[in-house]
Amino acid sequence: MSFSSEQPKKRIFSGIQPTGNLHIGNYLGAIKNWISLQQDSETIYSIVDLHALTLDSNLETLNESVYEVTAAIIASGIDPQKSIIFNQSSVKEHSELCWVFNCVAKMGWLNRMTQFKEKAGKKRENASVGLYNYPILMAADILLYRATHVPVGDDQKQHLELSRDIAQKFNLDFKKPDFLKAPEPLIQKNFARIMSLKDGLKKMSKSDPSDLSRINLNDTKDQIINKIKKAKTDPLPLPDNETELKKRPEAENLLGIYSSLSEQNLEKTISEFNGKNFSEFKLKLADLIVDKISPISNEINKIQKDKNFIDDVLQKGADKANIIASKKIKEIKKIIGF
Ligand code: AQP
(Lines give C-alpha, C1' and ligand atoms only; values in the text may rest on other atoms or scores of the structure.)
Protein backbone atom coordinates (compact mmCIF):
# COMPACT_ATOMS: atom_id res chain seq x y z
CA MET A 1 0.00 0.00 0.00
CA SER A 2 1.46 3.39 -0.94
CA PHE A 3 0.97 6.39 1.30
CA SER A 4 0.17 9.94 0.38
CA SER A 5 -0.38 13.10 2.35
CA GLU A 6 -3.87 13.25 0.78
CA GLN A 7 -6.83 11.70 2.59
CA PRO A 8 -7.32 8.02 1.61
CA LYS A 9 -10.66 6.19 1.83
CA LYS A 10 -9.60 4.02 4.72
CA ARG A 11 -6.65 4.88 6.93
CA ILE A 12 -5.93 2.92 10.07
CA PHE A 13 -3.89 4.24 12.98
CA SER A 14 -3.07 2.28 16.09
CA GLY A 15 -0.32 2.25 18.67
CA ILE A 16 1.38 -0.08 21.05
CA GLN A 17 3.42 0.87 24.09
CA PRO A 18 7.03 -0.29 24.40
CA THR A 19 6.48 -1.41 27.95
CA GLY A 20 7.87 -4.95 27.80
CA ASN A 21 7.47 -8.14 25.86
CA LEU A 22 4.23 -8.51 23.96
CA HIS A 23 1.83 -11.21 25.14
CA ILE A 24 -0.98 -13.21 23.54
CA GLY A 25 -3.47 -10.58 24.81
CA ASN A 26 -1.77 -7.95 22.62
CA TYR A 27 -1.61 -10.48 19.78
CA LEU A 28 -5.20 -11.73 19.88
CA GLY A 29 -6.76 -8.41 20.95
CA ALA A 30 -4.87 -6.10 18.60
CA ILE A 31 -2.08 -7.33 16.32
CA LYS A 32 -4.04 -10.13 14.61
CA ASN A 33 -6.56 -7.53 13.56
CA TRP A 34 -3.80 -5.10 12.49
CA ILE A 35 -2.39 -7.79 10.18
CA SER A 36 -5.65 -8.35 8.31
CA LEU A 37 -6.26 -4.59 7.97
CA GLN A 38 -3.04 -4.31 5.93
CA GLN A 39 -4.79 -5.97 2.98
CA ASP A 40 -7.24 -3.20 2.08
CA SER A 41 -6.25 -0.02 3.94
CA GLU A 42 -3.40 2.37 4.57
CA THR A 43 -2.10 1.20 7.91
CA ILE A 44 0.01 3.24 10.32
CA TYR A 45 1.29 1.54 13.44
CA SER A 46 3.24 3.46 16.03
CA ILE A 47 5.47 2.29 18.85
CA VAL A 48 4.12 4.85 21.28
CA ASP A 49 7.17 5.59 23.41
CA LEU A 50 5.87 8.99 24.53
CA HIS A 51 2.91 7.17 26.10
CA ALA A 52 5.29 4.73 27.77
CA LEU A 53 6.96 7.65 29.59
CA THR A 54 3.81 8.19 31.63
CA LEU A 55 4.76 5.43 34.08
CA ASP A 56 8.26 5.69 35.54
CA SER A 57 8.48 1.90 35.89
CA ASN A 58 9.13 1.83 32.13
CA LEU A 59 12.04 4.26 31.99
CA GLU A 60 14.99 1.92 32.44
CA THR A 61 13.85 -0.58 29.83
CA LEU A 62 12.34 1.86 27.33
CA ASN A 63 15.09 1.70 24.71
CA GLU A 64 15.32 -2.12 24.73
CA SER A 65 11.52 -2.44 24.73
CA VAL A 66 11.27 -0.43 21.51
CA TYR A 67 13.44 -3.07 19.80
CA GLU A 68 11.49 -5.92 21.40
CA VAL A 69 8.07 -4.57 20.43
CA THR A 70 9.11 -3.63 16.89
CA ALA A 71 10.61 -7.09 16.37
CA ALA A 72 7.48 -8.71 17.80
CA ILE A 73 5.00 -6.91 15.58
CA ILE A 74 7.07 -7.60 12.45
CA ALA A 75 7.51 -11.26 13.48
CA SER A 76 3.74 -11.52 14.01
CA GLY A 77 3.01 -10.37 10.46
CA ILE A 78 3.05 -6.56 10.28
CA ASP A 79 4.87 -5.97 7.03
CA PRO A 80 7.07 -2.85 6.85
CA GLN A 81 6.52 -2.81 3.07
CA LYS A 82 2.77 -2.52 3.57
CA SER A 83 2.47 -0.54 6.81
CA ILE A 84 4.16 2.51 8.27
CA ILE A 85 5.90 1.39 11.46
CA PHE A 86 7.49 4.19 13.46
CA ASN A 87 8.44 5.49 16.85
CA GLN A 88 6.07 8.15 18.16
CA SER A 89 8.90 10.30 19.56
CA SER A 90 10.55 10.56 16.15
CA VAL A 91 7.64 12.65 14.82
CA LYS A 92 7.62 15.86 16.86
CA GLU A 93 4.14 16.86 15.66
CA HIS A 94 2.56 14.42 18.16
CA SER A 95 3.81 16.54 21.06
CA GLU A 96 3.02 19.79 19.28
CA LEU A 97 -0.59 18.85 18.60
CA CYS A 98 -0.92 17.43 22.10
CA TRP A 99 -0.23 20.92 23.50
CA VAL A 100 -2.87 22.47 21.27
CA PHE A 101 -5.40 19.86 22.40
CA ASN A 102 -4.42 20.46 26.05
CA CYS A 103 -5.84 23.90 25.52
CA VAL A 104 -8.98 22.62 23.78
CA ALA A 105 -10.00 19.78 26.13
CA LYS A 106 -11.66 20.41 29.49
CA MET A 107 -10.49 19.13 32.86
CA GLY A 108 -13.95 17.68 33.46
CA TRP A 109 -13.60 15.46 30.40
CA LEU A 110 -10.30 14.03 31.63
CA ASN A 111 -11.64 13.56 35.15
CA ARG A 112 -14.06 10.98 33.78
CA MET A 113 -11.36 8.74 32.25
CA THR A 114 -11.39 5.36 33.97
CA GLN A 115 -7.95 4.25 32.76
CA PHE A 116 -6.31 7.07 34.73
CA LYS A 117 -8.25 6.07 37.85
CA GLU A 118 -7.20 2.43 37.42
CA LYS A 119 -3.54 3.12 36.65
CA ALA A 120 -3.07 5.88 39.23
CA GLY A 121 -4.86 3.82 41.87
CA LYS A 122 -4.83 5.16 45.40
CA LYS A 123 -1.61 7.13 44.84
CA ARG A 124 -3.29 9.65 42.59
CA GLU A 125 -1.32 12.62 43.85
CA ASN A 126 1.91 10.85 42.87
CA ALA A 127 0.81 9.95 39.34
CA SER A 128 2.53 11.87 36.56
CA VAL A 129 0.69 14.67 34.79
CA GLY A 130 1.49 12.69 31.63
CA LEU A 131 -0.60 9.75 32.83
CA TYR A 132 -3.54 12.12 33.36
CA ASN A 133 -2.91 13.63 29.93
CA TYR A 134 -2.51 10.28 28.16
CA PRO A 135 -5.85 10.46 26.28
CA ILE A 136 -5.02 13.94 24.93
CA LEU A 137 -1.80 12.63 23.38
CA MET A 138 -3.80 9.71 21.99
CA ALA A 139 -6.24 12.16 20.37
CA ALA A 140 -3.25 13.96 18.82
CA ASP A 141 -1.87 10.65 17.47
CA ILE A 142 -5.13 9.80 15.75
CA LEU A 143 -6.21 13.20 14.46
CA LEU A 144 -2.74 14.06 13.15
CA TYR A 145 -3.02 11.29 10.56
CA ARG A 146 -6.71 11.81 9.81
CA ALA A 147 -7.26 8.15 10.62
CA THR A 148 -10.68 6.93 9.53
CA HIS A 149 -10.62 3.84 11.73
CA VAL A 150 -8.80 2.99 14.94
CA PRO A 151 -8.59 -0.64 16.05
CA VAL A 152 -8.42 -0.75 19.84
CA GLY A 153 -9.27 -3.02 22.72
CA ASP A 154 -12.59 -2.25 24.41
CA ASP A 155 -10.62 -0.63 27.27
CA GLN A 156 -9.69 2.23 24.90
CA LYS A 157 -13.23 3.06 23.74
CA GLN A 158 -13.61 5.92 26.22
CA HIS A 159 -10.38 7.52 24.99
CA LEU A 160 -11.64 7.39 21.42
CA GLU A 161 -14.83 9.13 22.44
CA LEU A 162 -12.70 11.85 23.98
CA SER A 163 -10.86 12.24 20.64
CA ARG A 164 -14.25 12.84 19.03
CA ASP A 165 -15.12 15.55 21.61
CA ILE A 166 -11.74 17.22 21.09
CA ALA A 167 -12.13 17.21 17.30
CA GLN A 168 -15.60 18.75 17.55
CA LYS A 169 -14.54 21.42 20.03
CA PHE A 170 -11.46 22.35 17.97
CA ASN A 171 -13.69 22.78 14.90
CA LEU A 172 -16.10 24.91 16.92
CA ASP A 173 -13.46 27.03 18.69
CA PHE A 174 -11.69 27.85 15.44
CA LYS A 175 -14.84 28.05 13.33
CA LYS A 176 -13.77 25.31 10.94
CA PRO A 177 -16.71 22.91 10.71
CA ASP A 178 -15.67 19.38 9.68
CA PHE A 179 -11.94 20.18 9.64
CA LEU A 180 -10.91 17.52 12.17
CA LYS A 181 -12.78 14.30 11.60
CA ALA A 182 -13.19 11.81 14.40
CA PRO A 183 -12.44 8.20 13.44
CA GLU A 184 -14.58 5.14 13.96
CA PRO A 185 -13.40 2.63 16.55
CA LEU A 186 -12.81 -0.91 15.30
CA ILE A 187 -13.47 -3.05 18.33
CA GLN A 188 -13.22 -6.77 17.98
CA LYS A 189 -16.49 -8.51 18.83
CA ASN A 190 -15.01 -11.73 20.13
CA PHE A 191 -12.18 -12.23 22.59
CA ALA A 192 -11.53 -8.47 22.76
CA ARG A 193 -10.02 -8.86 26.23
CA ILE A 194 -7.73 -11.72 27.23
CA MET A 195 -7.45 -12.08 30.98
CA SER A 196 -4.56 -12.90 33.31
CA LEU A 197 -3.70 -16.59 33.74
CA LYS A 198 -3.63 -15.97 37.50
CA ASP A 199 -6.93 -14.09 37.81
CA GLY A 200 -9.75 -14.36 35.28
CA LEU A 201 -11.10 -10.96 36.31
CA LYS A 202 -7.88 -9.04 35.61
CA LYS A 203 -6.62 -8.06 32.14
CA MET A 204 -3.51 -9.86 30.88
CA SER A 205 -0.91 -7.12 30.96
CA LYS A 206 2.80 -6.56 30.16
CA SER A 207 3.25 -4.68 33.41
CA ASP A 208 1.79 -7.38 35.69
CA PRO A 209 4.68 -8.20 38.07
CA SER A 210 3.98 -11.94 37.71
CA ASP A 211 5.36 -13.42 34.48
CA LEU A 212 3.11 -16.44 35.13
CA SER A 213 0.08 -14.22 34.46
CA ARG A 214 0.76 -14.05 30.72
CA ILE A 215 2.11 -15.95 27.71
CA ASN A 216 4.75 -13.77 26.08
CA LEU A 217 5.19 -14.02 22.34
CA ASN A 218 8.82 -14.96 22.92
CA ASP A 219 8.20 -17.64 25.57
CA THR A 220 9.83 -21.01 24.95
CA LYS A 221 7.87 -24.24 24.59
CA ASP A 222 8.71 -25.23 28.19
CA GLN A 223 7.68 -21.85 29.57
CA ILE A 224 4.33 -22.05 27.75
CA ILE A 225 3.62 -25.57 29.02
CA ASN A 226 4.57 -24.58 32.57
CA LYS A 227 2.45 -21.41 32.54
CA ILE A 228 -0.64 -23.22 31.26
CA LYS A 229 -0.12 -25.99 33.80
CA LYS A 230 -0.03 -23.38 36.58
CA ALA A 231 -2.89 -21.26 35.22
CA LYS A 232 -5.66 -20.74 37.77
CA THR A 233 -8.72 -22.95 37.32
CA ASP A 234 -11.68 -24.15 39.38
CA PRO A 235 -12.47 -27.70 40.54
CA LEU A 236 -15.40 -28.42 38.18
CA PRO A 237 -15.30 -30.17 34.79
CA LEU A 238 -15.75 -27.87 31.78
CA PRO A 239 -19.38 -26.81 31.19
CA ASP A 240 -21.60 -27.61 28.20
CA ASN A 241 -23.04 -24.13 27.61
CA GLU A 242 -22.06 -20.44 27.49
CA THR A 243 -24.34 -19.37 30.35
CA GLU A 244 -22.53 -21.67 32.77
CA LEU A 245 -19.14 -20.69 31.32
CA LYS A 246 -19.84 -16.98 31.95
CA LYS A 247 -19.99 -17.72 35.70
CA ARG A 248 -16.44 -19.16 35.61
CA PRO A 249 -13.98 -16.43 34.53
CA GLU A 250 -10.82 -18.59 34.37
CA ALA A 251 -12.52 -21.32 32.33
CA GLU A 252 -14.07 -18.70 30.05
CA ASN A 253 -10.68 -17.06 29.49
CA LEU A 254 -8.83 -20.30 28.69
CA LEU A 255 -11.56 -21.56 26.35
CA GLY A 256 -11.59 -18.09 24.76
CA ILE A 257 -7.84 -18.24 24.11
CA TYR A 258 -8.28 -21.70 22.58
CA SER A 259 -11.13 -20.50 20.33
CA SER A 260 -9.33 -17.39 19.22
CA LEU A 261 -6.05 -19.17 18.40
CA SER A 262 -7.80 -22.02 16.59
CA GLU A 263 -10.13 -19.56 14.85
CA GLN A 264 -13.27 -21.43 15.80
CA ASN A 265 -16.28 -20.06 17.66
CA LEU A 266 -16.72 -20.52 21.38
CA GLU A 267 -19.71 -22.82 20.89
CA LYS A 268 -17.55 -25.30 18.99
CA THR A 269 -14.81 -25.17 21.63
CA ILE A 270 -17.37 -25.77 24.39
CA SER A 271 -18.74 -28.81 22.57
CA GLU A 272 -15.20 -30.14 22.04
CA PHE A 273 -14.32 -30.00 25.74
CA ASN A 274 -17.61 -30.22 27.64
CA GLY A 275 -17.39 -32.56 30.63
CA LYS A 276 -13.59 -32.83 30.36
CA ASN A 277 -11.24 -32.00 33.22
CA PHE A 278 -8.97 -28.98 33.11
CA SER A 279 -5.87 -31.21 33.10
CA GLU A 280 -6.91 -32.79 29.79
CA PHE A 281 -7.97 -29.46 28.24
CA LYS A 282 -4.77 -27.73 29.40
CA LEU A 283 -2.60 -30.23 27.50
CA LYS A 284 -4.47 -29.43 24.28
CA LEU A 285 -4.35 -25.70 24.96
CA ALA A 286 -0.60 -25.73 25.65
CA ASP A 287 -0.02 -27.69 22.42
CA LEU A 288 -2.06 -25.20 20.42
CA ILE A 289 -0.28 -22.18 21.91
CA VAL A 290 3.14 -23.73 21.27
CA ASP A 291 2.06 -24.48 17.72
CA LYS A 292 0.93 -20.91 17.03
CA ILE A 293 3.48 -18.97 19.06
CA SER A 294 6.73 -20.87 18.34
CA PRO A 295 7.10 -19.63 14.76
CA ILE A 296 6.55 -16.04 15.97
CA SER A 297 8.96 -16.53 18.84
CA ASN A 298 11.69 -17.89 16.52
CA GLU A 299 11.19 -14.96 14.19
CA ILE A 300 11.34 -12.44 17.07
CA ASN A 301 14.70 -13.86 18.15
CA LYS A 302 16.02 -13.60 14.60
CA ILE A 303 14.81 -10.04 14.01
CA GLN A 304 15.89 -8.79 17.42
CA LYS A 305 19.49 -9.73 16.71
CA ASP A 306 19.50 -7.37 13.74
CA LYS A 307 19.19 -3.95 15.35
CA ASN A 308 20.27 -2.22 12.12
CA PHE A 309 17.28 -3.72 10.35
CA ILE A 310 14.93 -2.49 13.10
CA ASP A 311 16.51 0.98 13.07
CA ASP A 312 16.08 1.10 9.32
CA VAL A 313 12.39 0.09 9.49
CA LEU A 314 11.70 2.72 12.15
CA GLN A 315 13.61 5.44 10.27
CA LYS A 316 11.83 4.76 6.97
CA GLY A 317 8.50 4.65 8.82
CA ALA A 318 9.26 7.95 10.57
CA ASP A 319 10.11 9.60 7.24
CA LYS A 320 6.75 8.55 5.79
CA ALA A 321 4.81 9.50 8.93
CA ASN A 322 6.54 12.89 8.95
CA ILE A 323 5.23 13.76 5.50
CA ILE A 324 1.62 13.28 6.63
CA ALA A 325 2.05 14.81 10.09
CA SER A 326 3.96 17.93 9.03
CA LYS A 327 1.35 18.79 6.40
CA LYS A 328 -1.44 18.49 8.96
CA ILE A 329 0.29 20.56 11.62
CA LYS A 330 0.95 23.35 9.10
CA GLU A 331 -2.79 23.50 8.36
CA ILE A 332 -3.60 23.50 12.07
CA LYS A 333 -1.15 26.29 12.85
CA LYS A 334 -2.58 28.39 10.04
CA ILE A 335 -6.11 27.88 11.38
CA ILE A 336 -5.04 28.86 14.89
CA GLY A 337 -3.17 31.90 13.61
CA PHE A 338 0.34 30.95 14.72
N1 AQP B 1 -5.25 -8.46 27.71
C2 AQP B 1 -5.53 -7.93 26.53
N3 AQP B 1 -6.51 -8.46 25.78
C4 AQP B 1 -6.80 -7.92 24.55
N5 AQP B 1 -6.17 -6.84 24.04
C6 AQP B 1 -5.20 -6.28 24.77
N7 AQP B 1 -4.39 -5.23 24.55
C8 AQP B 1 -3.56 -5.09 25.62
N9 AQP B 1 -3.80 -6.03 26.54
C10 AQP B 1 -4.81 -6.79 26.05
C11 AQP B 1 -4.42 -4.41 23.34
O12 AQP B 1 -3.09 -4.34 22.82
C13 AQP B 1 -2.92 -3.05 22.20
C14 AQP B 1 -1.64 -2.44 22.68
O15 AQP B 1 -1.71 -2.20 24.06
P16 AQP B 1 -0.68 -1.24 24.76
O17 AQP B 1 0.62 -1.90 24.81
O18 AQP B 1 -0.67 0.08 24.10
O19 AQP B 1 -1.22 -0.94 26.20
P20 AQP B 1 -2.11 -1.72 27.18
O21 AQP B 1 -3.50 -1.86 26.66
O22 AQP B 1 -2.01 -0.98 28.46
O23 AQP B 1 -1.40 -3.15 27.22
P24 AQP B 1 -0.75 -3.87 28.43
O25 AQP B 1 -0.21 -5.16 27.96
O26 AQP B 1 -1.72 -3.93 29.58
O27 AQP B 1 0.46 -2.95 28.76
P28 AQP B 1 0.85 -2.20 30.08
O29 AQP B 1 0.96 -3.26 31.12
O30 AQP B 1 2.13 -1.55 29.77
O31 AQP B 1 -0.23 -1.20 30.40
C32 AQP B 1 -4.14 -2.20 22.55
O33 AQP B 1 -5.00 -2.12 21.40
C34 AQP B 1 -4.79 -2.96 23.67
O35 AQP B 1 -6.19 -2.75 23.70
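The values are calculated or read from the model by the stated rules, or taken from the named source; none is laboratory data. Since the model is a prediction, treat every value here as computed from it, not as a measurement. Heads up, the Cβs are rebuilt from the backbone with ideal geometry, glycines too, and the neighbour counts pull from every protein chain shown. Areas reflect the complete protein model, heavy atoms only, side chains present, ligands, DNA and RNA absent. Shrake-Rupley method; radii C 1.70, N 1.55, O 1.52, S 1.80 Å.
What does the accessible area per residue of the range 207-338 come to in Å², with a 1.4 Å probe and no ligands, DNA or RNA counted?
54 Å²
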inquiry  = For the range 24-41 and the range 128-202, what is the centre-to-centre distance using only Cα atoms, to the nearest Å?
reply    = 17 Å
inquiry  = Before I look further, what does the range 1-102 give for accessible area per residue, probe 1.4 Å, in whole square angstrom?
reply    = 37 Å²
remark   = With a 29 Å threshold on alpha-carbon distance, the violating pairs from Lys32/Lys305; Lys9/Lys117; Lys305/Lys330; Lys206/Lys247 are Lys9/Lys117; Lys305/Lys330
ask   = For the chain, what is the mean residue ellipticity at 222 nm derived from helices alone (per DSSP H run of n ≥ 4: -39500 (n - 2.57); sum divided by total residues; nearest 500 deg cm²/dmol)?
value = -16000 deg cm²/dmol
Alpha-carbon centroids, the range 261-336 and the range 53-126: separation in whole Å = 17 Å
ask   = Within the chain, which DSSP H helices have Cα atoms that stretch 27 Å or more along the helix axis and a mean Kyte-Doolittle hydropathy of at least 1.6?
value = none
query = Listed highest first by mean packing, meaning other Cβ atoms within 10 Å per residue, what order do 230-241, 62-73, 214-225, 154-165 come in?
reply = 62-73, 214-225, 154-165, 230-241
remark   = Quick calc, Asn102 & Lys330: beta-carbon distance into FRET formula, R0 30 Å, rounding 0.05, result 0.95
query = Once amide H atoms are built 1.01 Å from N in the peptide plane, which residues 5 or more positions from Arg214, or in another chain, come under 5 Å H to H?
reply = Leu197
request  = Could you check how much of the accessible area of the chain is carbon and sulfur, as a whole percent, using a 1.4 Å probe?
outcome  = 51 percent
remark   = Once Trp99, Trp109 are ranked on solvent-accessible area with the largest value leading and a 1.4 Å probe, the list reads Trp99, Trp109
note = Within the range 224-260, the residues whose backbone N lies under 16 Å from a label point placed 7 Å from the Cα of Ser271 along the Cα-to-Cβ direction are 239-243, 259
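DSSP loop (so not H, G, I, E, B), at most 14 other Cβ within 10 Å: list which trypsin sites (Lys or Arg not before Pro) in the range 37-115 pass both filters.
Values: sites: Lys82, Lys92, Lys106, Arg112; in loops: Lys82, Lys92, Lys106, Arg112.
Taking the range 37-115 and a limit of 14 other Cβ atoms within 10 Å, the loop trypsin sites (Lys or Arg not before Pro) found are Lys92, Lys106, Arg112.
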key: Relative contact order computed over the chain (Cα-Cα under 8 Å; 6+ residues apart), in percent   = 23 percent
remark   = Between Lys176 and Gln39, Cβ-based FRET efficiency (R0 30 Å, step 0.05) works out to 0.35
Extension gain from Val129 to Lys316, taking 0.36 nm per residue of separation minus the Cα-Cα distance = 64.2 nm
